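What follows is a single structure, written as structure tokens, with notes after it.
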Amino acid sequence: MFDQNTNNEPPTFIQAATQLKNAVAYESTGKVESALMSIEEAIALKPDYVDAWLIKGVIQGKLGKCKEALQCYEKILEIDPKFADAYRLKAATFTSMNQHEKAVECFQKAVELDPNNLEYRLSLAVAFQRLKRFEEALKVYEAAKDQRPTDARIDYYIGLMWGNLADYPKALASFEQALRLKPDFTDALLGKGIMLSRLNRKEEAKEIADKILQTKTCNEKQEAAKAQSENESIRNDFKAAQNRFRNKYASNTG
């Protein structure tokens, strides 16, 4: 975004880009007010500077100023109606405001503009789930699988959905498919163990728990997956189940 060649750009753009770089530096050190001042200077120099509006919106969102953030994303779409990520950011803002219908509409628009973006599709599926529109969520997941059939995350997310719907056989099948695609997918392995437990297949569940405990990098992988996941709200019920699962089935290593 900021490393573009400015040799042939007009002086006002170079000045605006400098102000935006300053804003990012300020924000990274917690100097939010200074960051916003630099962004305003960048926008004053170049009112159609999409990157400046985008970063301003993100900062406003972090501050909980959702209305102001939405105004920034709307401004981006006035400048560039096909800027798909503005719709994604609008959707995330609406989600934080618990306006999930509007979030779905924005994610749908993002997918329409950039159908090859898998993250947009996954986010749309999660948004449908928040509205308990599970059939539509499943259709989105199926489209995602057509697009990226070897991405284990898709089957994992489908497993989470079936698990939350208490359809444990379908959830188990989805987690197993995720593991066929990615055998070291720790969260999918944990999901499989939980489903085996809920299906009263105790010995198999215990074997899974022991296998997880023997994986030295288990905790690191779980934290990385959580940080990258856009499914956190869907996974909340599983967190408590994971703890119960470990305590109940893990072998006593003491």
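Could you sort out which of Lys65/Lys102; Lys139/Lys170; Lys139/Lys211 sit more than 25 Å apart by Cα distance in this structure? Provide the component values of the computation, followed by the final result.
Numbers: Lys65/Lys102 17 Å; Lys139/Lys170 15 Å; Lys139/Lys211 33 Å.
Violating the 25 Å limit, Cα to Cα: Lys139/Lys211.
Counting pairs of alpha carbon atoms under 8 Å apart in space and at least six apart in sequence, what relative contact order in percent does the range 18-65 give?
Details: 34 pairs, mean separation 14.7, N = 48.
That works out to 31 percent.
Restrict the search to the range 51-95; then list the GluC sites (Glu not before Pro) that DSSP places in a loop and that have at most 10 other Cβ atoms within 10 Å of their Cβ. Spell out each step's value before the answer.
Working: sites: Glu68, Glu74, Glu78; in loops: none.
For GluC sites (Glu not before Pro) across the range 51-95 that sit outside H, G, I, E and B with at most 10 neighbouring Cβ atoms in 10 Å, the list is empty.
Which of the peptides 54-61, 187-194 is most tightly packed, and how do the rest follow, judged by the mean count of other Cβ atoms within 10 Å per residue?
Details: 54-61: 21.8, 187-194: 25.1.
Answer by packing, highest mean first, reads 187-194, 54-61.
Expressed as a fraction of 2.2 N^0.38 Å, the rule-of-thumb size for a compact globular protein of N residues, what is the C-alpha radius of gyration of the range 18-65? Mind dumping the intermediate values first?
Details: Rg = 9.6 Å, N = 48, 2.2 N^0.38 = 9.6 Å.
Against the empirical 2.2 N^0.38 Å value, I get 1.00 for the range 18-65.
Excluding Gly61 itself, calculate the net charge of residues whose Cβ lies under 11 Å from the Cβ of Gly61, where each Lys or Arg counts +1 and each Asp or Glu counts -1. Present the calculation step by step, with values, prior to reporting the outcome.
Details: positive: Lys56, Lys62, Lys65, Lys67, Lys90; negative: Glu68.
Local net charge: +4.
Taken together, the values in this text are just the output of simple stated rules run on the coordinates, not laboratory data. Remember, it's a predicted structure, so these values are computed and weren't measured experimentally. Neighbour counts run over all protein chains shown; Cβ positions are idealised from the backbone, glycine included.
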